[in-house]
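Colleague: Following this message is one structure expressed as structure tokens.
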Amino acid sequence: MLEQVRPRHPLPTSSPAASRADRPGANWVNQNVIDGVVNLVGTTARKSGELVRRRIDQGVVDTVVNGSGTFAEGSGQLLRRQQNGKVQFYGAYLFIGAAVLAALIIAIA
């Protein structure tokens, strides 16, 4: 049969809450210092997130996305007029594009 082993040092019977009640200074530090730091960190994080959302997300990202959508719509309407089904115009556009590209390459080099 197995023999029961007893610990050399008995475990404490009092809970941490009971020991805190015996130390009122620890309770004051918990309520005023630690809770104050936690509240400050939470408030600062919330304000930082609001600033990022308002300034960067709505101010920069939304402006860029809306601008690219407007550009795509305008260029699509312009190109729609150019698509008339005549092969001669498509050849002319291809020649003009190649000439502009060659001019850019020469200007850069």
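Just so you know, all these numbers are worked out from the coordinates, no wet-lab data involved. Worth saying up front: this structure is predicted, and the values here are computed from it rather than measured. When we count neighbours, we look across all protein chains shown, and the Cβ atoms used for this are built from the backbone with ideal geometry, even at glycine.
Colleague: Under the 0.36 nm per residue contour assumption, what length would be gained going from the current alpha-carbon distance of Val61 and Asp35 to full extension?
Modeller: Stretched fully, the Val61-Asp35 segment lengthens by 5.7 nm.
Colleague: In whole Hz, with x marking every Gly and Pro, tabulate ³J(HN,Hα) for segment 64-76 from phi via Karplus 6.51 cos²θ - 1.76 cosθ + 1.60, θ = phi - 60°.
Modeller: Per residue, the Karplus-derived 3J(HN,Hα) values read 5, 5, 5, x, 5, x, 5, 5, 5, 5, x, 5, x Hz.
Colleague: By the scheme Lys and Arg +1, Asp and Glu -1, what is the net charge of all other residues having a beta-carbon under 13 Å from that of Lys47? Can you show the working numbers first?
Modeller: Values: positive: Arg46, Arg53, Arg54, Arg55; negative: Glu50.
Neighbour charge sum, excluding Lys47 itself: +3.
Colleague: Hey, another quick one. Provide the gained length on full extension for the span Thr70 to Asn84, in nm with one decimal, where the gain is 0.36 nm per separating residue minus the Cα-Cα distance.
Modeller: Values: separation 14, 0.36 × 14 = 5.04 nm, distance 2.34 nm.
My answer for the length gained is 2.7 nm.
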